[in-house]
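Engineer: One structure, as structure tokens, below. Some questions next.
The values are calculated or read from the model by the stated rules, or taken from the named source; none is laboratory data. What you see is a predicted model; the values in this text were computed from it and never measured. Every residue, glycine as well, gets a Cβ built from its backbone with ideal geometry; the counts of neighbours run over all protein chains shown. Only protein heavy atoms, including side chains, enter the accessible area calculation; ligands, DNA and RNA are left aside. Shrake-Rupley method; radii C 1.70, N 1.55, O 1.52, S 1.80 Å.
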Amino acid sequence: MKHFQSPTRRRFLSWAALGLGWVTQACQPSPRSTPKKTSTGEIELTVMIGAQEIPTWKPVIEQWEAQQSQIRINIIEGPTATNLVEDLYTSAFLLGESPYDLIFMDIVWVPKFAAAGWLLDLSDRLSEADLTDFLKADVAGGRYEGGLYRLPARTDAGMLFYRKDLLAAAGYQPPETTLELLKIAQDLQVQKKVRWGYLWQGRQYEGLPAMFVEVLAGYGGFWINPETQDVGLDRPEALNALRFLAETIAAGIAPSGVTTYQEEETRRMFQNGDALFLRNWPYVWPLANAADSPVRGNIAIKPMVHAPGFASAGCLGGWGWGIAKSTRHPEAAWQAVQHLCSSLAQKQIALSYGYLPTRRSLYQDTEILQKYPFFPSMLTVLESAVLRPPIAQYAQASDILQRYLSAALSKRMSPDQALKSAANETRRLLGKKT
Ligand code: GLC
């Protein structure tokens, strides 16, 4: 692997003018001037990966490069938030001459990238039998209008982490409902057992709708029905879901700064022992149980809380590999994708980083089970996971929801007004009557 480079150029594009989003500041490597064959004749494939995920993939790639001498992978470091990485890929594809051969893709990018014609259809390269080991929802997340555009390398689901030592000492069972969570959190805060009751991701970025969609499902609501394109954001269930989150801030259960937190801010505070409950993805587990973690051995993980009378739902996240249609090396890229989604690669990243595999067989792997005894229970969570709407306009729909949730949570708008505006703007986006 070539040492990964920092982005080298800055470009400013108005996506609004192109009808594709918002103004973004894009950092791109030089386009097609990047050498595609190294001086030793190896094929070099380029991919951009969010900065925090580079340590995960670097060793996998290096090991694969050591096993064969034809293909090298050049990693370009992207920003940490998924939507910012998506913006950079989008700008590269829109400008043409994209330098990327491989795309490391969040599940929510697939419909947009596929609809835009930026991805190679992989369906002819795989038989149904090749796909049987993969979890169905993750494969479905890679499909668009009959094509398969992404092979899943790791899955994700929003989970509730909690301090089992503090709950046990206070005689509480882990909460099932949002009401129980509020009550237990407040009680332990009043008793000064813990500083914060509940942490979640409230910043205006993709993590906000990912978190909100599971609270919404837990209140019996929905965002956009992908079949009918109905919008559910101005229904009472959505208002109740937003009020629950606002209540955690108003009651001092979550710090007011939660409206600026991404996953890592919340993970660090929880790991420092500053919070009782945390909504996050399973990657938190090995970090919070690391030798130097103050909460090592004292945490547990369970499905998300929900409103009384409803069912729990974690948001289905996850990442996978696709191939840019513009690549000059589709065969080499396909070899890379196969390796990066193989059992071997998935086992390696699961053991080192706690990422959930997309291959069912790995949920029976003894080494994985020894390290993560809770993994099989994750399969149940994944089966009932809630999707963010798999529609081509997802990035814009997400942007609308992010803006209005953020306005309500930071008290710039009332929850009712924010959700009405979000619903109407979303309907306009989808060409529905408001
Ligand atoms: C995780 C999920 C991804 C989601 C992102 C939001 O990386 O896997 O699907 O979009 O978090 O921050």
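Engineer: I'd like to know which of 291, 319, 333 lies farthest towards the positive end of the charge dipole of the range 228-355, counting +1 on Cβ of Lys and Arg and -1 on Cβ of Asp and Glu.
Structural biologist: Going by the Cα projections, it comes out as 333.
Engineer: Over every pair of different alpha-carbon atoms in the range 291-370, take the mean of 1/r and invert it; report that Kirkwood radius in Å.
Structural biologist: Values: mean 1/r = 0.0621 Å⁻¹.
Across the range 291-370, the inverse of the average 1/r is 16.1 Å.
Engineer: Taking only the alpha-carbon atoms of the range 306-434, what semi-axes of the equivalent ellipsoid follow from 5 times the gyration tensor eigenvalues under a square root, in whole Å, largest first? Intermediate results must be reported in sequence, preceding the final value.
Structural biologist: Numbers: eigenvalues 261, 115, 29 Å².
The equivalent ellipsoid of the range 306-434 has semi-axes of 36, 24, 12 Å.
Engineer: Another one. Straight-line reach from residue 192: which lysines have Cα under 26 Å away, leaving out those fewer than 8 places along the same chain?
Structural biologist: Qualifying lysines at Cα under 26 Å: 164, 183, 302.
Engineer: With an 8 Å cut-off on Cα pairs and a minimum separation of 6 or more residues, tell me the relative contact order of the range 115-205 in percent.
Structural biologist: Working: 47 pairs, mean separation 15.1, N = 91.
Reported relative contact order: 17 percent.
Engineer: Turning to a different aspect of this structure: Could you give the length gained by full extension between residue 187 and residue 379, i.e. 0.36 nm per residue of separation minus their alpha carbon distance, to one decimal place?
Structural biologist: 65.9 nm
Engineer: Residue farthest toward the positive end of the dipole of the chain, with Cβ of Lys/Arg at +1 and Asp/Glu at -1: which of 52, 406, 173?
Structural biologist: Farthest along the dipole direction, towards plus: 406.
Engineer: At what distance in angstrom do the alpha carbon centres of the range 275-346 and the range 364-396 lie from each other?
Structural biologist: 7 Å
Engineer: Rank these by accessible area, largest first, 1.4 Å probe: 244, 310.
Structural biologist: Working: 244 10, 310 95 Å².
Ranked from most to least accessible, the order is 310, 244.
Engineer: Further, regarding this structure: ³J(HN,Hα) across the range 180-189 via Karplus (A = 6.51, B = -1.76, C = 1.60, θ = phi - 60°), whole Hz, x for Gly/Pro?
Structural biologist: 4, 4, 4, 5, 5, 4, 4, 4, 5, 6
Engineer: Next question, about the same structure. From the phi angles alone, apply the Karplus equation (6.51, -1.76, 1.60; θ = phi - 60°) to the range 405-412 and give each ³J(HN,Hα) in whole Hz, x where the residue is Gly or Pro.
Structural biologist: After applying 6.51 cos²θ - 1.76 cosθ + 1.60, I find 5, 4, 4, 6, 5, 9, 6, 8 Hz.
Engineer: Ignoring any ligand, DNA or RNA, what whole percent of the accessible area of the chain comes from carbon and sulfur when the probe is 1.4 angstrom? Can you show the working numbers first?
Structural biologist: Details: 8790 of 17170 Å².
With neighbouring chains kept in place, the figure for the chain is 51 percent.
Engineer: Need one number: convex hull volume per residue for the range 90-166, Cα atoms only, in Å³.
Structural biologist: Numbers: hull volume 10.5 nm³, N = 77.
Dividing the Cα hull volume of the range 90-166 by its residues yields 137 Å³.
Engineer: Can you list the residues, at least 5 places off or on another chain, whose amide H is less than 5 Å from the amide H of residue 143, using H built in the peptide plane?
Structural biologist: Those qualifying (amide H under 5 Å, at least 5 residues apart or on another chain) are 149.
Engineer: Using only the Cα atoms of the range 379-434, build the gyration tensor, take square roots of its eigenvalues as a ≥ b ≥ c, and label the shape rounded, prolate or oblate: rounded if a/c is under 1.5, else prolate if a/b is larger than b/c, else oblate.
Structural biologist: On the way: a/c = 2.49, a/b = 1.36, b/c = 1.84.
Oblate is the answer for the range 379-434, as a/c is 1.5 or above yet b/c matches or exceeds a/b.
Engineer: Taking a probe of 1.4 Å, how large is the accessible area per residue of the range 80-211, in Å²?
Structural biologist: Values: 4730 Å² over 132 residues.
Result: 36 Å² per residue.
Engineer: May I pose another question? Have a look at 194, 372, 81 and report the one farthest towards the positive end of the charge dipole of the chain, computed about the Cα centre with Cβ charges (Lys/Arg +1, Asp/Glu -1).
Structural biologist: So the residue we want is 194.
Engineer: Using Cα atoms only, what is the angle between the long axis of helix 54-67 and the major principal axis of the chain, expressed in degrees (0 to 90) to the nearest 10?
Structural biologist: It is inclined by approximately 30 degrees.
Engineer: Under 5 Å between amide hydrogens, which residues at least 5 positions from residue 307 or on another chain qualify, with H placed 1.01 Å from N in the peptide plane?
Structural biologist: Hits under the 5 Å cutoff: 178, 219.
Engineer: Measure off 7 Å from each Cα along the Cα-to-Cβ vector at residue 230 and residue 430, then give the distance between these two points in nanometres to one decimal.
Structural biologist: Computed distance between label sites residue 230 and residue 430 equals 1.0 nm.
Engineer: Moving to a separate point now. If we sort 122-132, 195-205, 140-150 on the protection proxy, mean other Cβ atoms within 10 Å, highest first, what's the order?
Structural biologist: Values: 122-132: 12.5, 195-205: 23.4, 140-150: 19.8.
Ranked by mean Cβ neighbours within 10 Å, highest first: 195-205, 140-150, 122-132.
Engineer: Using a Förster radius of 30 Å, what is the FRET efficiency between residue 165 and residue 369 based on their Cβ-Cβ separation? Nearest 0.05, please.
Structural biologist: On the way: r = 24 Å, r/R0 = 0.79.
The calculated FRET efficiency here is 0.80.
Engineer: Right, something else. Using per-residue counts of other Cβ atoms within 10 Å, averaged over each peptide, order 399-406, 165-172 from highest down. It would help to have the intermediate numbers written out before the result.
Structural biologist: Numbers: 399-406: 22.0, 165-172: 14.8.
Ranking the peptides 399-406, 165-172 by packing returns 399-406, 165-172.
Engineer: Rounded to the nearest 20 Debye, what is the dipole magnitude of the chain about its Cα centre when Lys and Arg each give +1 and Asp and Glu each give -1 at the C-beta? Provide the component values of the computation, followed by the final result.
Structural biologist: Values: 44 positive and 42 negative charges, 175 e Å.
With Lys and Arg at +1 and Asp and Glu at -1, about 840 debye.
Engineer: Another question, if that's okay. To two decimal places, what compactness ratio does the range 117-238 give when its Cα radius of gyration is scaled by 2.2 N^0.38 Å?
Structural biologist: Values: Rg = 20.1 Å, N = 122, 2.2 N^0.38 = 13.7 Å.
Compactness ratio reported: 1.47.
Engineer: May I pose another question? Would you kindly derive the ³J(HN,Hα) couplings of the range 419-430 from the backbone phi angles with the Karplus curve 6.51 cos²θ - 1.76 cosθ + 1.60 (θ = phi - 60°), listing them in order in whole Hz, with x for Gly and Pro?
Structural biologist: These are the phi-based 3J(HN,Hα) values: 6, 5, 5, 4, 5, 5, 5, 5, 4, 4, 4, 8 Hz.
Engineer: Report the full-extension gain for the segment residue 344 to residue 173: residue separation times 0.36 nm, less the Cα-Cα distance, to one decimal in nm.
Structural biologist: Stretched fully, the residue 344-residue 173 segment lengthens by 57.8 nm.
Engineer: On to the next question. Once label points are set 7 Å from the Cα along Cα→Cβ at both residue 414 and residue 97, what is their separation, rounded to one decimal in nm?
Structural biologist: A separation of 5.3 nm, rounded to one decimal place.
Engineer: So for the chain, averaging the separation of alpha carbon pairs under 8 Å that are six or more residues apart and normalising by length, what relative contact order in percent results?
Structural biologist: On the way: 809 pairs, mean separation 94.7, N = 434.
It rounds to 22 percent for the chain.
Engineer: For the range 25-166, report the % of Cα-Cα distances exceeding 18 Å.
Structural biologist: More than 18 Å apart: 64 percent of the Cα pairs in the range 25-166.
Engineer: If you average the sequence gap of Cα pairs under 8 Å that are 6 or more apart and divide by the length of the range 152-275, what percent do you get for the contact order?
Structural biologist: Details: 123 pairs, mean separation 36.0, N = 124.
Once divided by the residue count of the range 152-275, the mean separation gives 29 percent.
Engineer: Another question, then. Have a look at 354, 309, 50 and tell me which one the Gaussian network model of the chain (Cα, springs below 10 Å) gives the largest fluctuation.
Structural biologist: 309
Engineer: Assuming 0.36 nm per residue, please report the length gained on full extension of the stretch residue 361 to residue 300 beyond their Cα-Cα distance. Working shown, then result.
Structural biologist: On the way: separation 61, 0.36 × 61 = 21.96 nm, distance 2.39 nm.
Between residue 361 and residue 300, full extension yields an extra 19.6 nm.
Engineer: Moving on to the next point. Among 288, 392, 66, whose mean-square fluctuation peaks in a Gaussian network model of the chain (Cα, cutoff 10 Å)?
Structural biologist: 66
Engineer: Further question: The range 179-202 to the range 124-148: how many Å between their Cα centroids?
Structural biologist: Measuring centre to centre over Cα atoms gives 41 Å.
Engineer: At 1.4 Å probe size, put 353, 162, 89 in order of accessible surface, largest to smallest. Please list the in-between numbers first.
Structural biologist: Numbers: 353 75, 162 25, 89 0 Å².
The ordering from most to least exposed comes out as 353, 162, 89.
Engineer: So, one more: Quick one: give the max-minus-min coordinate of the C-alpha atoms of the range 66-120 along each principal axis, largest first, in Å.
Structural biologist: Result for the range 66-120: principal-axis Cα extents of 34, 25, 21 Å.
Engineer: I'd like the accessible area for residue 387: 1.4 Å probe, protein heavy atoms, all chains in place, Å² to the nearest 10.
Structural biologist: Solvent-accessible area, nearest 10 Å²: 90 Å².
Engineer: Sticking with this structure for a sec: To one decimal place, what orientation-averaged projected area in nm² is obtained for the convex hull of the Cα set of the chain? If you can, show how the numbers build up before the last one.
Structural biologist: On the way: hull surface 82.8 nm².
Its average projected convex-hull area is 20.7 nm².
Engineer: Antiparallel as a % of all DSSP beta bridges within the chain, to the nearest 5?
Structural biologist: Values: 32 of 47 bridges.
Bridges in the chain that DSSP calls antiparallel: roughly 70 percent.
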